1. Residues being within 20 Å of Thr131 (Cβ to Cβ), more than 16 Å from ligand 1 (Cβ to nearest atom) and touching a residue at least 60 places away in the same chain (Cβ under 8 Å): count how many of those fall in the stretch 34-73.
2. Looking only at residues that are surrounded by fewer than 20 Cβ atoms within 10 Å (Cβ to Cβ) and of a type in the set (Val, Ile, Thr) in the stretch 253-270, which one is farthest from the chain's Cα centre (by Cα)?
3. List every residue pair whose Cβ atoms lie under 8 Å apart, where the two residues are 6 or more positions apart in sequence or sit on different chains, the first residue falls within the stretch 241-259 and is in a loop (DSSP other than H, G, I, E, B), and the second residue, located anywhere, is surrounded by 19 or more Cβ atoms within 10 Å (Cβ to Cβ) and among the charged types (D, E, K, R).
4. Output the residue which, of all residues in the stretch 18-33 that are more than 21 Å from Ser172 (Cα to Cα) and within 16 Å of ligand 1 (Cβ to nearest atom), is surrounded by the most Cβ atoms within 10 Å (Cβ to Cβ).
5. Of all residues being surrounded by fewer than 20 Cβ atoms within 10 Å (Cβ to Cβ) and either touching a residue at least 24 places away in the same chain (Cβ under 8 Å) or within 16 Å of ligand 2 (Cβ to nearest atom) (or both) in the stretch 271-280, which is farthest from Cys199 (Cα to Cα)? Just the residue, please.
6. For the stretch 19-38, which positions are within 15 Å of ligand 2 (Cβ to nearest atom) and either in contact with a His (Cβ under 9 Å, 6 or more places away or on another chain) or at pLDDT below 95 (or both)?
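The values are calculated or read from the model by the stated rules, or taken from the named source; none is laboratory data. This is a predicted model, so every value here is computed, not measured. No Cβ is skipped: glycine too gets one built from the backbone with ideal geometry, and neighbour counts run over all protein chains shown.
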Amino acid sequence: MPKTRIILDTDPGADDALAILLMLASPEIQLEAITTVHGNVTIDKTTRNALALLEFLDAKNIPAAQGCSLPLVKPPHQPKGEMVHGSSGMGRANLPEPTLKPIETHAVDHLIERFLAEPKELTLFAIGPLTNVALAIRKEPKFAQAVKELVIMGGAIRSGGNVTPLAEFNISEDPHAAHIVFNSGIPITLIPLDATYKCLLTSADIERLNKIDSPIARFVRDVTADYMAFYLKYEGFAGCALHDPLTAATVIAPELLSIEQHYVNVDISGGVSTGKTYADFMKAAKKPANMKVALDVKGREFVDMFLRRVTTFAKQHT
Ligand code: BDR
Ligand code: CA
């Protein structure tokens, strides 16, 4: 089976870090580049975290390009992300200052260069606000056609929001970018809160993982510590959702996802539902489906798979 070649646009972020870890721990995936975006924390921190992670996870060969520092139109939600992911974005994990540097090319240009160099060969994963992806679409008219597939963690279709009563963080942080991306014609798979909230990593899972004496197991414990404290305080359970890692299921365990095809869009009207993603289940808009959406998942099976893969990877990197 050929590997799925991926470029990852990300705003690390505790669960972004776990997504990178899972991708590196998955033989079906070849992670070829990281582009950073503002989101959970500021762009200087998301870039620093991405570089520190690549170094820590023994993946220094993967280039990282720094991207946009602000949403296209609206002001950022800060400090909302810091409440969830800690002030550095990496919870209580203290990764050493990276020696790696970002490449000189801006993330938007790197995306354009990489996808145009090999049209329809690479899959783009976007697990932060969609600012870089939207600008690549606007800057280079051939970009959208060159992307084989775009997998997005974002949105809340039937589920409520996690940053406003209606909207999910990544989409709400830059709804105008999401609007450009959703209407670009790129083949999209959306992984919204409807599915990700069923993938709960518990404190018992963290304890079990830490039975092995490994820096990676300790990192998973530390990076999720603030994230779990937030969930306990605001949502009443001792664990956290594996939002961003679940995107990898589209490659490593698609059978766990319940996928439907729908016309999906995002509200950018400026009212209370700005950033809300909605699916036209009843085909009232009479528009063709523009994406696949994961509306359900076998959550525990995914979390167990995540733990198995991270355990194997941790044992190989002691
Ligand atoms: C998304 O928002 C961020 O806080 C997470 O990293 C994830 O990408 C979940 O709503
Ligand atoms: Ca993220």
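1. Residues in the stretch 34-73 being within 20 Å of Thr131 (Cβ to Cβ), more than 16 Å from ligand 1 (Cβ to nearest atom) and touching a residue at least 60 places away in the same chain (Cβ under 8 Å): 3 in total.
2. Once the filter is applied, the top-ranked residue is Ile268.
3. Short answer, once both residue conditions are applied: Leu242/Asp15; His243/Asp15.
4. Quick first cut of the stretch 18-33, residues more than 21 Å from Ser172 (Cα to Cα) only: 18, 20-33.
In the following step, the residues that additionally are within 16 Å of ligand 1 (Cβ to nearest atom) were identified as 18, 20-23.
Working: Leu18: 25, Ile20: 28, Leu21: 25, Leu22: 23, Met23: 26.
By that ranking, first place goes to Ile20.
5. Applying the filter and picking the extreme gives Val272.
6. At the first step, the residues of the stretch 19-38 found to be within 15 Å of ligand 2 (Cβ to nearest atom) are 19-23, 34-38.
Result: Ala19, Thr35.
To keep it simple, each residue is scored yes or no on (1) within 14 Å of ligand 1 (Cβ to nearest atom); (2) hydroxyl-bearing (Ser, Thr, Tyr); (3) buried (at least 16 other Cβ atoms within 10 Å of the Cβ); (4) not in a helix (DSSP H, G or I).
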site	(1), (2), (3), (4)
Ala136	no, no, yes, no
Val151	yes, no, yes, yes
Ala156	yes, no, yes, yes
Ser159	yes, yes, yes, yes
Leu201	yes, no, yes, yes
Arg208	no, no, no, no
Asp213	no, no, no, yes
Leu232	no, no, no, no
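Conditions tested, residue by residue: (1) touching a Phe, Trp or Tyr at 6+ places or on another chain (Cβ under 9 Å); (2) more than 14 Å from Val223 (Cα to Cα).
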position	(1), (2)
Ala17	yes, no
Leu21	yes, no
Ala25	yes, yes
Glu32	no, yes
Asn49	no, no
Asn61	no, yes
Gln66	no, yes
